[in-house]
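Below is one structure; the comments refer to it alone.
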Amino acid sequence: MDLDLVFLGTAGSAPTAARGTSATLIRRGGDRLLVDCGEGTQRQLLRSDAGLGDLEDVFLTHLHADHVLGLPGMLKTFALRGRETGVTVHGPRGTRALLEALRVVVGRLTYSLAVQELAAGEAIERDGYRIEPFAVAHGAGAIGYALREDGRPGRFEAEAAQALGIPDGPARGALQRGESVTLDSGRVVRPEEVVGAPRRGRTIVLTGDTAPARSVVEAATRADVLVHEATFLADERARARETEHSTAGEAALVAREADVGLLALTHVSARYAGSDVADEALQLFPRTVVPRDFDVITIPLPERGPPELVPRGGRRGRADEHAVGSGA
């Protein structure tokens, strides 16, 4: 099952020539989950290889303008295209009132528009994974999201099964499902004799805007990828505290304490170059990248390797190779 992140908007509170405002697309198999929808997100989707067609779920971390202004245009475009498939907007308390207020702008829709308001701990179960909202430190009600895949059965050891005389067919399937089987000889074979240890699923954590928070560390513990904001550098730590944002170094400390596989820093202010943000974070957490718009992070199954940043140009490379060359 393919799993990746497409960075559609990586700027801070206002867009720049190189970066759009907050929007990140999670792609898992055929599922498309958009986290935040800043101004111009629909155009970013059209410019990427993702497009608009399959998008059915939008998850808002909070209701500040730079995270929601793209909704009216995107919803209207869906209607202008004659869309019939419904869309659900998930978000913190107040999301329903926001969508009701936008009705006058969006007008008549050709599809159903549902709203699901969420609070920390109110998980959404999906086929093979779940979406877990968690508290962040950015005003009342703001939340982040963790996508956690279900665990997978251990690898079936065909040679061990052959040695035990287990024939191909239903008996092997039952063992892989965790069921004991009885052979024609009368011997009972237990799953652990032919199936390896259970394998963990993958985890992606996206914070939205937040000051450093214990709740983020807990949600991100041993995640494959943590997408954390980094609006300021250390010289603006007081401003970060005042506005409930994080510095790049603070985000790196969160990633280090949570022992994540890869830290991706977003919400980059126009006052900094991406390389400045990377330099500060890399001193504290070497597995750091600062994606640009349209970069992708692929998250393979754990046994197949670590997460990897794929720049828009498509050349793959190590995390540290791209962190310091991440543009404006």
Arg108 neighbourhood, Cβ < 13 Å, K/R = +1, D/E = -1, net charge +3
Which one, Phe134, Thr41, Val106, projects farthest toward the positive side of the charge dipole computed for the stretch 1-144 from Cβ point charges (K/R +1, D/E -1)?
Val106
Can you tell me the relative contact order of the stretch 151-225? Whole percent, Cα pairs under 8 Å, sequence separation 6 or more.
34 percent
Extension reserve of the Met1-Asp259 stretch, reckoned as 0.36 nm per residue once the Cα distance is removed
90.5 nm
Dipole of the chain (Lys/Arg Cβ +1, Asp/Glu Cβ -1, origin at the Cα centre): which of Gly94, Leu52, Tyr272 lies farthest to the positive side?
Leu52
Might you tell me the accessible area per residue for the stretch 158-235, computed with a 1.4 Å probe and given in Å²?
48 Å²
With Cα atoms, 0 to 90° folded angle of helix 248-258 axis to the chain main axis:
20 degrees
With each run of n ≥ 4 DSSP H residues scored as -39500 (n - 2.57), what mean residue ellipticity at 222 nm is computed for the chain after dividing by its residue count and rounding to the nearest 500 deg cm²/dmol?
-7000 deg cm²/dmol
Assigning unit charges at the beta carbon (Lys, Arg +1; Asp, Glu -1) and nothing else, what dipole magnitude in debye, to the nearest 20, does the stretch 100-214 show about its Cα centre?
200 debye
Report the gain in length on full extension from Arg312 to Ser180: 0.36 nm times residue separation, minus Cα-Cα distance, nm rounded to one decimal.
42.6 nm
If you count the DSSP beta bridges with both ends in the chain, what percent of them are antiparallel, to the nearest 5?
60 percent
Tell me the per residue accessible area of the stretch 49-142 using a 1.4 Å probe; a whole number in Å² is fine.
46 Å²
Projected label distance in nm at Leu109 and Gln283, using a 7 Å step from Cα toward the beta-carbon:
4.7 nm
State the answer as a single residue: which of Val188, Gly178, Gly73 lies farthest towards the positive end of the charge dipole of the chain, with beta carbon charges of +1 for Lys and Arg and -1 for Asp and Glu, about the Cα centre.
Gly73
Give me the dipole magnitude in Debye, nearest 20, for the stretch 25-142 about the Cα centre, with unit charges on the beta carbon: positive for Lys and Arg, negative for Asp and Glu.
380 debye
Of every Cα-Cα pair in the stretch 98-183, the percentage lying beyond 21 Å is 62 percent
Percent carbon-and-sulfur accessible area, the stretch 72-113, ignoring ligands, DNA and RNA, probe 1.4 Å
53 percent
Taking Cα atoms only, helix 71-80 is inclined relative to the longest principal axis of the chain by an angle, in degrees rounded to 10, of 70 degrees
Taking R0 as 25 Å and r as the Cβ-Cβ distance between Thr243 and Leu98, the FRET efficiency 1/(1 + (r/R0)^6), rounded to the nearest 0.05, comes to 0.75
1/(1 + (r/R0)^6) with r = Cβ-Cβ of Ser275 and Ala197, R0 = 41 Å, i.e. FRET efficiency to nearest 0.05, evaluates to 0.50
If I take every Cα pair under 8 Å that is 6 or more residues apart in the chain, average their sequence separation and divide by the length, what percent do I get for the relative contact order?
15 percent
Run the dipole for the chain about the Cα centre, Lys and Arg Cβ at +1, Asp and Glu Cβ at -1, nothing else charged, and hand back the magnitude in debye, nearest 20.
580 debye
Cβ-defined net charge surrounding Ile143, 13 Å radius [Lys, Arg +1; Asp, Glu -1]
-4
For the stretch 210-265 the mean separation of alpha carbon contacts under 8 Å (6+ apart) over residue count, i.e. relative contact order in percent, is 49 percent
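The values are calculated or read from the model by the stated rules, or taken from the named source; none is laboratory data. Note that the coordinates shown come from a computational prediction; the quantities given were computed from them, not determined experimentally. Ideal geometry is used to build each Cβ from the backbone, glycine not excepted, and the neighbour counts take in all protein chains shown. All accessible areas refer to the heavy atoms of the entire protein, side chains included, with ligands and DNA or RNA removed. Shrake-Rupley method; radii C 1.70, N 1.55, O 1.52, S 1.80 Å.
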